[in-house]
Amino acid sequence: MAESAQPLKKAIDVMEVQQTIEKEIAEILQEHKFDAKKVQTWCQQIVKAVLKKLVENNKQQEFQYKYVVNAVILERTGAGLHSTSSCLWDKASDTSASAQWSNETMYCVCSVWALRCN
């Protein structure tokens, strides 16, 4: 008797994406203190790790998605950050998720936009 395959998910689970973002950020930054010389490398690592997980999870989706991933790391100095983005998309099928992480010396915010492509 053949094993039955798991049913395909119809939509992106935003909570699951947020947990993925938080996990990947923590794995990359958890033991580090802010270092301006390493921020670019850390951002690249975070974006690549999050994107890799999203693509792996996309294989369980009924629909295929294209992803945009953005990461920002800031030194924790008491200054604020305000960021805004806007998209023109199909709110029935496209979505976004964002998560933040911090330690004593830095903040990291990572955002994902998922756009259905089929």
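Here is how the numbers come out for the structure above:
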read-out	value
Against the rule of thumb 2.2 N^0.38 Å, how large the Cα Rg of the chain comes out	1.21
Extension gain (nm, one decimal) between Glu31 and Lys48, 0.36 nm per residue minus Cα-Cα	4.2 nm
28 Å Cα-Cα threshold exceeded, pairs from Lys23/Lys91; Lys53/Lys91; Lys48/Lys91; Lys33/Lys59; Lys33/Lys66; Lys38/Lys91	Lys33/Lys59; Lys33/Lys66; Lys38/Lys91
Label-zone membership for the stretch 8-46, site Thr105, 7 angstrom Cα→C-beta point, backbone N under 14 Å	29-40, 42
Under the Karplus curve 6.51 cos²θ - 1.76 cosθ + 1.60, θ = phi - 60°, whole-Hz ³J(HN,Hα) for the stretch 92-99, x wherever Gly or Pro sits	7, 10, 9, 7, 9, 8, 8, 8
Accessible surface of the stretch 47-118 [probe 1.4 Å, protein heavy atoms]: carbon and sulfur percent	50
In Å², nearest 10: area of Phe34 left accessible to a 1.4 Å probe	50
Gain on full stretching of the segment that runs from Cys87 to Tyr67 - 0.36 nm per residue minus C-alpha separation	5.9 nm
Packing-based order for 37-44, 78-85, 14-21, using average beta carbon neighbours within 10 Å, highest first	14-21, 37-44, 78-85
Pairwise label distance in nanometres, Arg76 with Asn118, each label 7 Å out on the Cα-Cβ vector	4.4
Residue-normalised accessible area of the chain, given per residue in Å² at a 1.4 Å probe	70
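The values are calculated or read from the model by the stated rules, or taken from the named source; none is laboratory data. Everything numeric here is computed off the predicted structure, so don't read it as measured data. Cβ atoms come from the backbone with ideal geometry, glycine included; neighbour counts cover every protein chain shown. SASA here: full protein model, heavy atoms, side chains in, ligands and nucleic acids out. Shrake-Rupley method; radii C 1.70, N 1.55, O 1.52, S 1.80 Å.
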